[in-house]
Structure formats: C-alpha cells, structure tokens
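The values are calculated or read from the model by the stated rules, or taken from the named source; none is laboratory data. Note that the structure is predicted; figures quoted are calculated from it, not measured. Cβ placement follows ideal geometry from the backbone for every residue including glycine, while neighbour counts extend to all protein chains displayed. Areas reflect the complete protein model, heavy atoms only, side chains present, ligands, DNA and RNA absent. Shrake-Rupley method; radii C 1.70, N 1.55, O 1.52, S 1.80 Å.
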Amino acid sequence: MTLTGLLTNTGYSIYEERLEKEVAEKPIPKHIAIIMDGNRRYAKEQGLEPREGHMAGKEKIKDVLDWCMKLGVKNLTVYAFSTENFNREPDEVDFLMDLIAQSLKELADDQRIHNNKVRLRVIGERDLIPEEMMDAISYAEGRTESYGDYCFSMAIAYGGRQEIVNAVKDVASRVKSGELDVQDIDENLLSNCMYTFEVPDPDLVLRTSGEFRLSNFLLWQLAYSELYFTDVYWPSFRYIDFLRAIRSYQQRARRFGT
C-alpha cells in the first residue's frame, strides 16, 4: 500500500471511530429497513458479470447484520426480491432464488446468529416461491424460531400493495364470517394483518445506489419512517455509510404528524 493510501485509510479509521462514538451516545433506531439496490451497476462499473455483483451483495448482508448487532439495532428488514423481480430474465431469477436460499442456509448455520439469538424470518408471497427456496426458508426459520433478542427479516417475493390487499381480504373474510364487526376495523387491526405484525414499524428506511423511490416496499409500515438515500451501490456500502445514515436519523425531529 502506498503512503497516500495508508494515510487515507488511517483518516477514515479515525473518522469512523469518532462517528461511531457520536452515534452510540444517542437513541439507536429500533428497526432499520433497507432497499438493497445497485448490485448490477456495481458489477458493470467493476467490469464484472452481473452475477458477481449479486454475490457481493449477498455477502454485504452479513456485514450489515453484524453492524446492527454491534450498535444494538434490534430489527433489520432487507428487500431481497420483489414480486416485480419475477419479470427479469428466467436465468437471473433462478440464480437469485438459489443465491438467496444459500444465504438463508448460511445464516442459519452461522454461530453469530445463535450467539446473539437472532430470529430469521421471511416475509412475502410464499405461494410464488419455488419449493427449493421454501426448504431453505423452513430451515432458517425453524433453527431460530425460539430466539428474540434480534430479528432479521428478508422480504422475498414481496410487494407492499399486495400485502395491503391481502390484509384487506383477511379482514373482509372475518367480517363476512361474523368474527368481526365493521366498526372493529382500525389501524391496529390492519397492522396486525401485515407480514411484519411481530416487529415495530421501521424507524429508518435507507436505499442505496442513488435512486429516490420506495419501489413498493413496506408501504403501510413506512407512514412515519425517516427516509435516507445514498448514492453508494449496495456491495460498496460501508460501516461508515451505515453510521452516517443513523446519524442523519438522530438529527431529525420525529413529530408523527403533530
């Protein structure tokens, strides 16, 4: 490494430590949700195949989960595969399904998951998920179902609008059967019909790659979430970028409509 590179790394290390200390002294988000974007563009800029970008993105999930446990972020939800992603080329869809299944199995076997009692969950349209993927989901959820110190949710075959439609169908069915009265319907009832009913709504939602869209992600749950966008591609997302996102959240006054 050159002297310039060494000085640059040293400077980043000092800044990172200072930023970490600053963030740790203020309230930490209970739930962070991430739209992981930029794998393919990362690969293109690095002269790599798209698959290599996705593989790098898979490894980044482990890093971010470690950062959450380090800082005490109890709930992490990542957008791994949307319902719209099924419109991609079949070969890419198959590859992503296999890669996500591999990621779930690796996490389920990772001793850090068990040491920190991290519950692994998958949210989304399970009837759209291939059988091989469902085997991996059952394995990951089964191995960690008794844990409750942390919760890591992966959104697979997920669409926010469809989630709301499914919740409405559930409520309508219960009204039709006489289990519920129309007057019983309120926000809390609908929230309990969402895939995320077991975790608090996200405090902070961040998206990588420079796009300023929610892309049909957790539309019900994000009503009062703070949003943070960064132009860093997902595989290049660093701990210092994560700290900056949390610091931005901490600097905002959350009024919840008041």
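Using alpha carbons only, the radius of gyration of segment 215-258 set against its Kirkwood radius gives Rg/Rh = 1.02.
Would you mind checking the pairs Lys21/Lys70; Lys117/Lys169; Lys74/Lys105; Lys21/Lys44 and listing those with alpha carbons more than 24 angstrom apart?
On the way: Lys21/Lys70 12 Å; Lys117/Lys169 34 Å; Lys74/Lys105 21 Å; Lys21/Lys44 35 Å.
Where the Cα-Cα span goes over 24 Å, the pairs concerned are Lys117/Lys169; Lys21/Lys44.
The convex hull defined by the C-alpha atoms of segment 138-194 has an orientation-averaged projected area of 5.6 nm². Here segment 156-194 is scanned for amide nitrogen atoms under 17 Å from the site 7 Å beyond the Cα of Phe86 along Cα-to-Cβ, giving 156-167.
Gaussian network model of the chain, Cα springs within a sub-10 Å range: biggest mean-square fluctuation belongs to which of Tyr224, Tyr42, Tyr158? With Cα springs under 10 Å in the chain, the top fluctuation among Tyr224, Tyr42, Tyr158 is at Tyr224. Extension gain for the segment Val93 to Lys62, taken as residue separation times 0.36 nm less the Cα-Cα distance, is 9.0 nm to one decimal. Entry note, the chain: the mean residue ellipticity at 222 nm calculated from DSSP H runs of n ≥ 4, each adding -39500 (n - 2.57), is -15500 deg cm²/dmol after division by the residues and rounding to the nearest 500. Given R0 = 41 Å, the distance between the Cβ atoms of Arg41 and Lys21 translates into a calculated FRET efficiency of 0.80. Run the simple label-point estimate for Arg126 and Glu141 please: 7 Å along Cα→C-beta, distance reported in nm. Here the answer is 0.3 nm between the modelled labels.
Note that the chain presents 53 Å² accessible area per residue, ligands and nucleic acids not counted, probe 1.4 Å. When the Gaussian network model of the chain links Cα atoms closer than 10 Å, the mean-square fluctuations of Phe217, Phe229, Phe86 top out at Phe86. In loop segments of segment 165-258 as defined by DSSP, the GluC sites (Glu not before Pro) with at most 11 further C-beta atoms inside 10 Å of their C-beta are Glu179.
Within the listed set Leu243, Leu65, Leu180, the Gaussian network model of the chain (springs between alpha-carbon atoms below 10 Å) gives the highest mean-square fluctuation for Leu180. Given the chain, what whole percent of its Cα pairs are spread farther than 27 Å? Value for the chain: 41 percent of Cα pairs lie more than 27 Å apart. Note on segment 152-258: Kirkwood radius taken over Cα pairs, Stokes-Einstein applied at 25 °C and 0.890 mPa s, translational D equal to 153 µm² s⁻¹.
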